[in-house]
Amino acid sequence: MHELSICAALLRRVEALAASKAGRVSAVRVTAGPLSGVEPDLLAQAFRVARTGTRASTAELIIERAPVRIRCLRCRHETETAANALTCPACGGERTQLLSGDELLLTGIDLLEAGPGADASAPRSCPPGS
Ligand SMILES: [Zn+2]
């Protein structure tokens, strides 16, 4: 499953970030372009599997959709557009270059406050094995 390997790679980076701040992760934020080939629903499903046993085991995956940006090769006009409309709105040119919209980026993580009174009421999950 494509999304599972994406999540595994994502979580390795999340773990490294969280470890340096000695915290537990409450949310993982990613930006997914409409042309990234990533299905948000499948990614969220895969994340729930992949997060097990990590610092992000109770974290929520927040997926933000990135805009598609194109540049016209004829008039150099740059614009945001829909994924299925890759022609230049300025001159009608059909030869455009994709600037963004096919990326999947880790944009940030939220960490749980470890202090007393924090509403970290999420159930503890035991690490597998050990
Ligand atoms: Zn143009």
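The values are calculated or read from the model by the stated rules, or taken from the named source; none is laboratory data. All of these numbers come straight from a predicted model, not from anything done at the bench. FYI the Cβ positions are ideal-geometry reconstructions off the backbone, even for glycines, and counts take in every protein chain you see.
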> Is there a residue in the range 40-59 that is surrounded by fewer than 17 Cβ atoms within 10 Å (Cβ to Cβ) and within 16 Å of the ligand (Cβ to nearest atom)?
Replying inline: no
> Of the residues that sit in the range 64-95 and are among the aliphatic types (A, V, I, L, M) and surrounded by 18 or more Cβ atoms within 10 Å (Cβ to Cβ), which one is nearest to Ser20 (Cα to Cα)?
Replying inline: Ala66
>> Return the residues of the range 27-43 that are at pLDDT below 95 and of a type in the set (Gly, Ala, Ser); say none if nothing qualifies.
In response: Ala32, Gly33, Ser36, Gly37
> Which residue, of Gly23, Gly37, is over 22 Å from Gly101 (Cα atoms) and in a loop (DSSP other than H, G, I, E, B)?
Replying inline: Gly23
>> Can you name every one of the strands (runs of 3 or more DSSP E) wholly within the range 72-130 that holds 3 or more residues which are of a type in the set (Asp, Glu), at pLDDT 90 or above and more than 20 Å from the chain's Cα centre (by Cα)?
In response: none
> Quick check: anything in the range 16-26 of a type in the set (Ser, Thr, Tyr) and touching an Asp or Glu at 6+ places or on another chain (Cβ under 6 Å)?
Replying inline: yes
> Among all residue pairs at least 6 apart or on different chains, which show Cβ distances below 9 Å where the first residue, located in the range 75-93, is closer than 11 Å to Pro34 by Cβ and the second is within 8 Å of the ligand (Cβ to nearest atom) and assigned to a strand (DSSP E or B)?
Replying inline: Thr81/Thr96
